[in-house]
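Novice: Have a look at this one before I ask anything.
The values are calculated or read from the model by the stated rules, or taken from the named source; none is laboratory data. Nothing here was measured: the structure is a model prediction, and the numbers come from that model. Because the Cβ atoms are built from the backbone with ideal geometry, glycine has one as well, and the counts that use them run over all protein chains shown. With ligands, DNA and RNA removed, areas are computed over all heavy atoms of the protein, side chains included. Shrake-Rupley method; radii C 1.70, N 1.55, O 1.52, S 1.80 Å.
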Amino acid sequence: MRKFFFRLHLYAAIIVCPFLLIFAVTGSLMAFEPEIDHLLHAKLSYVEPLGKPLSLAEISDKIHTAFPKDTIGTYKLSTSPDISYQVYTNGRLVYINQHNGEILGTMTRPDFWQNAQQNIHQLHLRLAFRDKNDLGKSIMSWAGVILLIILPSGLILWWKQKRASVRWKEKPRLVWFDLHSLIGIAAFSFLMISAFTGVIIGFEDKTAPMLYQLTGSKPTEIPDIKITIPPGGKSMLADSALLLATKALPGASPFSINAATGTDFYDIRCRYPEDRTPGGRSRVMINPYNGKILFAEGSRTAPAGTRLKVFNRAIHTGDIFGMFSKILMSLVSLALGFQVISGLRMWWLRKWGKKSGAKARA
(Lines give C-alpha, C1' and ligand atoms only; values in the text may rest on other atoms or scores of the structure.)
Protein backbone atom coordinates (compact mmCIF):
# COMPACT_ATOMS: atom_id res chain seq x y z
CA MET A 1 0.00 0.00 0.00
CA ARG A 2 2.86 2.36 0.74
CA LYS A 3 4.26 1.74 -2.75
CA PHE A 4 0.82 2.47 -4.21
CA PHE A 5 0.48 5.76 -2.34
CA PHE A 6 4.06 6.71 -3.21
CA ARG A 7 3.40 6.25 -6.92
CA LEU A 8 0.04 8.01 -6.67
CA HIS A 9 1.65 10.94 -4.88
CA LEU A 10 4.61 11.11 -7.27
CA TYR A 11 2.91 10.76 -10.63
CA ALA A 12 -0.08 12.91 -9.75
CA ALA A 13 2.28 15.67 -8.61
CA ILE A 14 4.42 15.39 -11.76
CA ILE A 15 1.34 15.68 -13.98
CA VAL A 16 0.01 18.86 -12.37
CA CYS A 17 3.23 20.46 -11.08
CA PRO A 18 3.19 23.35 -13.63
CA PHE A 19 -0.35 24.26 -12.63
CA LEU A 20 0.43 24.00 -8.92
CA LEU A 21 3.35 26.38 -9.39
CA ILE A 22 0.99 28.82 -11.11
CA PHE A 23 -1.43 28.50 -8.17
CA ALA A 24 1.44 29.14 -5.75
CA VAL A 25 2.93 32.24 -7.38
CA THR A 26 -0.31 33.92 -8.41
CA GLY A 27 -2.08 33.05 -5.14
CA SER A 28 0.66 34.61 -3.01
CA LEU A 29 0.36 37.85 -5.01
CA MET A 30 -3.44 37.94 -5.17
CA ALA A 31 -3.67 37.91 -1.38
CA PHE A 32 -2.18 41.42 -1.28
CA GLU A 33 -3.51 43.08 -4.42
CA PRO A 34 -4.85 46.29 -2.77
CA GLU A 35 -1.77 46.63 -0.55
CA ILE A 36 0.63 46.18 -3.49
CA ASP A 37 -1.38 48.66 -5.56
CA HIS A 38 -1.26 51.27 -2.79
CA LEU A 39 2.46 50.68 -2.27
CA LEU A 40 3.31 51.06 -5.97
CA HIS A 41 1.12 54.16 -6.23
CA ALA A 42 1.90 55.63 -2.82
CA LYS A 43 1.78 59.27 -3.94
CA LEU A 44 -1.62 58.69 -5.53
CA SER A 45 -3.09 56.45 -2.85
CA TYR A 46 -2.16 57.77 0.58
CA VAL A 47 -3.62 60.96 2.05
CA GLU A 48 -3.62 62.61 5.45
CA PRO A 49 -7.02 62.29 7.16
CA LEU A 50 -8.45 65.76 7.73
CA GLY A 51 -11.89 65.06 9.12
CA LYS A 52 -15.09 64.70 7.15
CA PRO A 53 -14.59 64.07 3.41
CA LEU A 54 -16.01 66.38 0.75
CA SER A 55 -19.38 65.61 -0.79
CA LEU A 56 -19.47 63.94 -4.19
CA ALA A 57 -20.93 67.16 -5.60
CA GLU A 58 -17.85 69.06 -4.40
CA ILE A 59 -15.53 66.36 -5.72
CA SER A 60 -17.39 66.45 -9.04
CA ASP A 61 -16.84 70.23 -9.26
CA LYS A 62 -13.10 69.73 -8.66
CA ILE A 63 -12.92 67.13 -11.43
CA HIS A 64 -14.89 69.24 -13.91
CA THR A 65 -12.74 72.29 -13.16
CA ALA A 66 -9.56 70.35 -13.84
CA PHE A 67 -10.93 68.37 -16.81
CA PRO A 68 -13.89 70.31 -18.27
CA LYS A 69 -14.29 67.98 -21.26
CA ASP A 70 -14.48 64.79 -19.17
CA THR A 71 -17.68 63.03 -18.13
CA ILE A 72 -17.67 61.25 -14.80
CA GLY A 73 -18.65 57.59 -14.90
CA THR A 74 -17.94 56.11 -11.47
CA TYR A 75 -16.82 57.20 -8.02
CA LYS A 76 -14.70 54.74 -6.02
CA LEU A 77 -14.92 55.74 -2.37
CA SER A 78 -12.32 54.61 0.10
CA THR A 79 -13.65 53.24 3.38
CA SER A 80 -10.31 54.08 4.99
CA PRO A 81 -9.67 57.81 5.66
CA ASP A 82 -5.99 57.58 4.68
CA ILE A 83 -6.66 56.16 1.20
CA SER A 84 -7.69 58.51 -1.61
CA TYR A 85 -10.85 58.39 -3.69
CA GLN A 86 -10.75 57.38 -7.35
CA VAL A 87 -12.96 58.90 -10.02
CA TYR A 88 -13.32 57.23 -13.42
CA THR A 89 -14.14 59.54 -16.30
CA ASN A 90 -14.43 58.87 -20.02
CA GLY A 91 -10.85 60.07 -20.43
CA ARG A 92 -8.90 59.07 -17.34
CA LEU A 93 -8.72 57.71 -13.83
CA VAL A 94 -8.38 60.54 -11.34
CA TYR A 95 -6.93 60.12 -7.85
CA ILE A 96 -8.29 62.81 -5.55
CA ASN A 97 -7.80 63.71 -1.91
CA GLN A 98 -11.34 63.50 -0.56
CA HIS A 99 -10.51 65.78 2.37
CA ASN A 100 -9.33 68.89 0.49
CA GLY A 101 -10.13 68.19 -3.16
CA GLU A 102 -6.49 68.08 -4.28
CA ILE A 103 -6.02 66.09 -7.47
CA LEU A 104 -3.12 63.75 -6.73
CA GLY A 105 -2.62 62.44 -10.24
CA THR A 106 -4.26 60.74 -13.19
CA MET A 107 -3.93 57.70 -15.43
CA THR A 108 -5.13 57.58 -18.99
CA ARG A 109 -4.46 53.86 -19.33
CA PRO A 110 -3.63 50.99 -16.98
CA ASP A 111 0.02 50.83 -15.91
CA PHE A 112 2.19 47.73 -15.60
CA TRP A 113 0.82 46.57 -12.23
CA GLN A 114 -2.82 47.14 -13.14
CA ASN A 115 -2.36 45.09 -16.30
CA ALA A 116 -0.40 42.51 -14.31
CA GLN A 117 -3.23 42.22 -11.78
CA GLN A 118 -5.68 41.24 -14.49
CA ASN A 119 -3.21 38.79 -16.02
CA ILE A 120 -2.44 37.24 -12.62
CA HIS A 121 -6.16 36.73 -11.97
CA GLN A 122 -6.74 35.14 -15.33
CA LEU A 123 -3.64 32.97 -15.03
CA HIS A 124 -4.79 31.73 -11.61
CA LEU A 125 -8.32 31.04 -12.80
CA ARG A 126 -7.93 29.84 -16.38
CA LEU A 127 -4.28 29.89 -17.52
CA ALA A 128 -4.87 33.37 -18.97
CA PHE A 129 -6.83 32.18 -21.98
CA ARG A 130 -10.50 31.73 -22.62
CA ASP A 131 -12.42 29.89 -25.29
CA LYS A 132 -16.08 29.04 -25.61
CA ASN A 133 -15.58 25.90 -23.50
CA ASP A 134 -13.33 27.72 -20.97
CA LEU A 135 -10.75 24.93 -21.23
CA GLY A 136 -8.20 26.83 -19.14
CA LYS A 137 -10.59 27.06 -16.20
CA SER A 138 -11.37 23.35 -16.45
CA ILE A 139 -7.66 22.48 -16.39
CA MET A 140 -6.99 24.61 -13.32
CA SER A 141 -10.09 23.34 -11.54
CA TRP A 142 -9.13 19.71 -12.12
CA ALA A 143 -5.59 20.50 -10.99
CA GLY A 144 -7.21 21.55 -7.71
CA VAL A 145 -9.04 18.22 -7.52
CA ILE A 146 -5.77 16.33 -8.07
CA LEU A 147 -4.17 18.43 -5.32
CA LEU A 148 -6.87 17.08 -2.99
CA ILE A 149 -5.53 13.61 -3.83
CA ILE A 150 -1.85 14.53 -3.55
CA LEU A 151 -2.13 16.05 -0.08
CA PRO A 152 -3.72 13.07 1.78
CA SER A 153 -1.40 10.62 0.01
CA GLY A 154 1.56 12.71 1.21
CA LEU A 155 0.20 12.61 4.76
CA ILE A 156 -0.07 8.80 4.57
CA LEU A 157 3.56 8.55 3.38
CA TRP A 158 4.74 10.83 6.22
CA TRP A 159 2.75 9.02 8.90
CA LYS A 160 5.07 6.00 9.16
CA GLN A 161 8.18 7.98 10.12
CA LYS A 162 6.50 11.14 11.46
CA ARG A 163 9.75 13.02 11.00
CA ALA A 164 9.57 16.70 11.95
CA SER A 165 13.26 17.61 11.71
CA VAL A 166 15.88 18.08 9.00
CA ARG A 167 19.01 15.91 8.75
CA TRP A 168 21.24 18.69 7.44
CA LYS A 169 24.43 16.57 7.38
CA GLU A 170 22.93 13.77 5.31
CA LYS A 171 22.88 13.38 1.52
CA PRO A 172 21.13 16.15 -0.42
CA ARG A 173 18.21 13.87 -1.32
CA LEU A 174 17.52 13.20 2.37
CA VAL A 175 17.78 16.90 3.22
CA TRP A 176 15.25 17.72 0.52
CA PHE A 177 13.07 14.85 1.72
CA ASP A 178 13.06 16.17 5.29
CA LEU A 179 12.33 19.73 4.15
CA HIS A 180 9.53 18.47 1.91
CA SER A 181 8.03 16.47 4.77
CA LEU A 182 8.39 19.25 7.36
CA ILE A 183 6.86 22.01 5.23
CA GLY A 184 4.18 19.66 3.94
CA ILE A 185 2.97 18.56 7.35
CA ALA A 186 3.10 22.12 8.75
CA ALA A 187 0.98 23.48 5.89
CA PHE A 188 -1.19 20.40 5.32
CA SER A 189 -4.43 21.63 6.92
CA PHE A 190 -4.22 25.06 5.30
CA LEU A 191 -3.38 23.60 1.89
CA MET A 192 -6.38 21.28 2.15
CA ILE A 193 -8.64 24.21 3.01
CA SER A 194 -7.22 26.30 0.16
CA ALA A 195 -7.57 23.45 -2.34
CA PHE A 196 -11.10 22.53 -1.24
CA THR A 197 -12.41 26.12 -1.34
CA GLY A 198 -10.66 26.64 -4.68
CA VAL A 199 -12.34 23.58 -6.19
CA ILE A 200 -15.72 24.90 -5.04
CA ILE A 201 -14.98 28.18 -6.83
CA GLY A 202 -13.58 26.45 -9.91
CA PHE A 203 -16.69 24.30 -10.36
CA GLU A 204 -19.09 27.02 -9.18
CA ASP A 205 -21.62 26.25 -11.90
CA LYS A 206 -22.09 22.87 -10.21
CA THR A 207 -21.25 23.63 -6.58
CA ALA A 208 -23.39 26.79 -6.27
CA PRO A 209 -26.69 24.93 -6.84
CA MET A 210 -25.53 22.39 -4.28
CA LEU A 211 -24.91 25.14 -1.72
CA TYR A 212 -28.37 26.58 -2.26
CA GLN A 213 -29.90 23.11 -2.03
CA LEU A 214 -27.90 22.37 1.11
CA THR A 215 -29.15 25.54 2.79
CA GLY A 216 -32.69 25.34 1.42
CA SER A 217 -32.38 28.76 -0.22
CA LYS A 218 -32.51 30.28 -3.68
CA PRO A 219 -30.34 32.96 -5.28
CA THR A 220 -31.87 36.41 -5.42
CA GLU A 221 -32.95 37.41 -8.90
CA ILE A 222 -31.79 40.87 -9.87
CA PRO A 223 -34.74 42.63 -11.53
CA ASP A 224 -34.66 43.78 -15.12
CA ILE A 225 -34.70 47.50 -14.49
CA LYS A 226 -35.85 50.02 -17.07
CA ILE A 227 -35.78 53.68 -16.13
CA THR A 228 -38.23 56.10 -17.73
CA ILE A 229 -37.27 59.75 -17.70
CA PRO A 230 -40.25 61.79 -16.46
CA PRO A 231 -41.14 65.06 -18.25
CA GLY A 232 -38.74 67.69 -17.05
CA GLY A 233 -37.25 65.07 -14.75
CA LYS A 234 -34.05 65.92 -12.97
CA SER A 235 -31.81 63.24 -11.55
CA MET A 236 -31.06 63.40 -7.83
CA LEU A 237 -27.50 64.05 -6.72
CA ALA A 238 -25.19 61.12 -6.07
CA ASP A 239 -24.89 62.26 -2.43
CA SER A 240 -28.64 61.83 -1.99
CA ALA A 241 -28.44 58.34 -3.51
CA LEU A 242 -25.66 57.42 -1.08
CA LEU A 243 -27.82 58.56 1.83
CA LEU A 244 -30.71 56.40 0.62
CA ALA A 245 -28.35 53.42 0.23
CA THR A 246 -27.14 53.72 3.83
CA LYS A 247 -30.77 53.77 4.98
CA ALA A 248 -31.59 50.71 2.87
CA LEU A 249 -28.59 48.81 4.30
CA PRO A 250 -27.98 50.23 7.81
CA GLY A 251 -24.39 49.79 8.93
CA ALA A 252 -22.98 49.31 5.44
CA SER A 253 -20.49 51.77 3.94
CA PRO A 254 -20.81 52.60 0.23
CA PHE A 255 -17.56 52.28 -1.72
CA SER A 256 -18.70 52.60 -5.34
CA ILE A 257 -21.42 54.57 -7.12
CA ASN A 258 -21.99 55.37 -10.76
CA ALA A 259 -22.97 58.78 -12.09
CA ALA A 260 -26.53 58.01 -13.19
CA THR A 261 -27.56 59.95 -16.28
CA GLY A 262 -30.39 59.48 -18.77
CA THR A 263 -31.96 56.06 -18.30
CA ASP A 264 -29.24 54.84 -15.92
CA PHE A 265 -30.08 53.90 -12.35
CA TYR A 266 -27.81 54.40 -9.38
CA ASP A 267 -25.89 51.18 -8.72
CA ILE A 268 -24.23 51.43 -5.31
CA ARG A 269 -21.88 48.81 -3.88
CA CYS A 270 -21.48 48.65 -0.10
CA ARG A 271 -19.43 46.88 2.52
CA TYR A 272 -20.26 45.99 6.13
CA PRO A 273 -17.47 46.20 8.75
CA GLU A 274 -17.19 42.41 8.84
CA ASP A 275 -16.93 42.16 5.05
CA ARG A 276 -13.29 41.58 4.22
CA THR A 277 -13.65 40.91 0.50
CA PRO A 278 -12.90 43.92 -1.73
CA GLY A 279 -16.28 43.56 -3.45
CA GLY A 280 -18.24 43.80 -0.22
CA ARG A 281 -21.10 41.73 -1.69
CA SER A 282 -23.80 44.28 -0.79
CA ARG A 283 -25.70 46.25 -3.42
CA VAL A 284 -28.42 48.90 -3.73
CA MET A 285 -30.11 50.07 -6.95
CA ILE A 286 -32.03 53.34 -6.91
CA ASN A 287 -34.26 55.18 -9.37
CA PRO A 288 -32.48 58.54 -9.78
CA TYR A 289 -35.70 60.45 -10.48
CA ASN A 290 -37.95 59.42 -7.62
CA GLY A 291 -35.53 57.84 -5.14
CA LYS A 292 -37.31 54.48 -5.17
CA ILE A 293 -35.21 51.51 -4.01
CA LEU A 294 -35.30 49.11 -6.96
CA PHE A 295 -33.13 46.42 -5.39
CA ALA A 296 -31.27 46.03 -2.11
CA GLU A 297 -29.35 43.04 -0.82
CA GLY A 298 -26.76 43.06 1.93
CA SER A 299 -24.28 40.37 2.80
CA ARG A 300 -26.00 40.05 6.19
CA THR A 301 -29.44 39.35 4.75
CA ALA A 302 -28.58 37.58 1.49
CA PRO A 303 -29.85 34.02 0.98
CA ALA A 304 -27.93 31.44 2.99
CA GLY A 305 -26.48 29.89 -0.17
CA THR A 306 -25.15 33.27 -1.29
CA ARG A 307 -23.61 33.91 2.12
CA LEU A 308 -21.99 30.48 2.03
CA LYS A 309 -20.50 31.23 -1.39
CA VAL A 310 -19.11 34.54 -0.12
CA PHE A 311 -17.76 32.85 3.01
CA ASN A 312 -16.03 30.17 0.91
CA ARG A 313 -14.42 32.79 -1.33
CA ALA A 314 -13.26 34.84 1.67
CA ILE A 315 -11.56 31.77 3.15
CA HIS A 316 -9.84 30.97 -0.14
CA THR A 317 -8.52 34.50 -0.68
CA GLY A 318 -7.48 34.94 2.95
CA ASP A 319 -9.81 37.90 3.47
CA ILE A 320 -11.78 36.12 6.19
CA PHE A 321 -9.82 37.52 9.18
CA GLY A 322 -8.14 40.49 7.56
CA MET A 323 -4.37 40.95 7.38
CA PHE A 324 -3.51 37.95 9.56
CA SER A 325 -5.33 35.45 7.32
CA LYS A 326 -4.06 37.17 4.16
CA ILE A 327 -0.48 36.69 5.33
CA LEU A 328 -1.28 33.11 6.29
CA MET A 329 -2.81 32.21 2.91
CA SER A 330 0.04 33.91 1.07
CA LEU A 331 2.54 31.80 3.04
CA VAL A 332 0.45 28.71 2.30
CA SER A 333 0.67 29.51 -1.42
CA LEU A 334 4.45 29.85 -1.13
CA ALA A 335 4.56 26.56 0.78
CA LEU A 336 2.77 24.89 -2.13
CA GLY A 337 5.41 26.26 -4.48
CA PHE A 338 8.19 24.94 -2.26
CA GLN A 339 6.54 21.52 -2.14
CA VAL A 340 6.48 21.35 -5.92
CA ILE A 341 10.11 22.44 -6.25
CA SER A 342 11.40 20.18 -3.46
CA GLY A 343 9.37 17.24 -4.78
CA LEU A 344 10.82 17.68 -8.27
CA ARG A 345 14.29 18.00 -6.80
CA MET A 346 13.91 14.73 -4.88
CA TRP A 347 12.58 13.00 -7.99
CA TRP A 348 15.52 14.30 -10.04
CA LEU A 349 18.10 13.17 -7.47
CA ARG A 350 16.39 9.80 -7.13
CA LYS A 351 16.13 9.21 -10.88
CA TRP A 352 19.37 10.71 -12.14
CA GLY A 353 21.50 10.49 -9.01
CA LYS A 354 21.52 6.69 -9.23
CA LYS A 355 22.58 6.78 -12.87
CA SER A 356 25.41 9.21 -12.09
CA GLY A 357 26.56 6.97 -9.25
CA ALA A 358 26.48 3.89 -11.48
CA LYS A 359 28.56 5.65 -14.14
CA ALA A 360 31.07 6.78 -11.51
CA ARG A 361 31.48 3.21 -10.24
CA ALA A 362 31.92 1.93 -13.81
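Novice: Which aspartates and glutamates does K69 reach when only Cα atoms under 13 Å apart count, and residues fewer than 8 places away in its own chain are ignored?
Specialist: D61
Novice: OK, next. For segment 42-78 and segment 88-108, what is the separation of their Cα centres, given in Å?
Specialist: A separation of 6 Å, based on Cα centres.
Novice: Here's something else I'd like to know. How many angstrom separate the Cα center of segment 173-231 from the Cα center of segment 270-345?
Specialist: 10 Å
Novice: I would also like to ask the following. What is the magnitude of the charge dipole of the chain about its Cα centre, with +1 placed on the Cβ of each Lys and Arg, -1 on the Cβ of each Asp and Glu, and no other charges, expressed in debye to the nearest 20?
Specialist: The dipole of the chain has a size of about 2620 debye.
Novice: Work out, step by step, the length gained on full extension between D264 and T228: first 0.36 nm times the residue separation, then minus their alpha carbon distance; give nm to one decimal.
Specialist: Details: separation 36, 0.36 × 36 = 12.96 nm, distance 0.93 nm.
Extra length from D264 to T228 when fully extended: 12.0 nm.
Novice: When you take every Cα atom in segment 1-51, what is the radius of gyration, and what is Dmax, the widest Cα pair distance, in Å?
Specialist: In Å, with Rg to one decimal and Dmax whole: 20.9, 67.
Novice: Taking a probe of 1.4 Å, how large is the accessible area per residue of the chain, in Å²? All intermediate terms of the calculation are to be shown ahead of the outcome.
Specialist: Numbers: 20580 Å² over 362 residues.
Per residue, the chain has an accessible area of 57 Å².
Novice: Within a Cβ distance under 12 Å of E48, other residues only, what is the Lys/Arg minus Asp/Glu net charge? Mind dumping the intermediate values first?
Specialist: Details: positive: none; negative: D82, E102.
Local charge sum for E48: -2.
Novice: Got a number for the accessible area of F196? Probe 1.4 Å, square angstrom, nearest 10.
Specialist: 120 Å²
Novice: Right, another one. Take each uninterrupted DSSP H stretch in the chain, measure its Cα extent along the helix axis, and return the ones at 24 Å or beyond whose mean Kyte-Doolittle hydropathy is at least 1.0. Spell out each step's value before the answer.
Specialist: Working: long enough: 2-30 (37 Å, 1.51); 135-159 (36 Å, 1.66); 172-202 (39 Å, 1.50); 323-361 (55 Å, 0.31).
Once both thresholds are applied, what remains is 2-30, 135-159, 172-202.
Novice: Distance in nm between label sites at Q161 and F6, each 7 Å beyond Cα in the beta-carbon direction?
Specialist: In this crude spin-label approximation the distance works out to 1.1 nm.
Novice: Could you bin all the Cα-Cα distances of segment 149-234 into 10 Å bins starting at 0 and give me the percent of pairs in each, rounded to whole numbers?
Specialist: 13, 25, 18, 14, 12, 7, 5, 4, 1
Novice: Which pairs in the list K132/K206; K43/K76; K3/K160; K206/K226; K52/K292 are over 21 Å apart, alpha-carbon to alpha-carbon?
Specialist: On the way: K132/K206 18 Å; K43/K76 17 Å; K3/K160 13 Å; K206/K226 31 Å; K52/K292 27 Å.
Beyond 21 Å between Cα atoms: K206/K226; K52/K292.
Novice: State, as an integer percentage, the relative contact order of the chain based on alpha-carbon contacts under 8 Å between residues 6 or more apart. Intermediate values should be presented prior to the final figure.
Specialist: Numbers: 520 pairs, mean separation 71.0, N = 362.
For the chain, the relative contact order is 20 percent.
Novice: Restricting everything to alpha-carbon atoms, can you work out Rg to Rh for the chain with a Kirkwood hydrodynamic radius? Could you put the intermediate results ahead of the total?
Specialist: Values: Rg = 25.6 Å, Rh = 23.8 Å.
Here the Rg-to-Rh quotient is 1.08.
Novice: Near G184, within a Cβ-to-Cβ distance under 12 Å, what is the net charge of the other residues, with Lys and Arg +1 and Asp and Glu -1? Intermediate values should be presented prior to the final figure.
Specialist: On the way: positive: R163; negative: D178.
Net charge in that neighbourhood comes out at 0.
Novice: Here is a further query. For the chain, what is the mean residue ellipticity at 222 nm derived from helices alone (per DSSP H run of n ≥ 4: -39500 (n - 2.57); sum divided by total residues; nearest 500 deg cm²/dmol)? Before the final figure, lay out the partial values.
Specialist: Numbers: 11 runs with 199 residues, N = 362.
Calculated at 222 nm, the ellipticity per residue is -18500 deg cm²/dmol.
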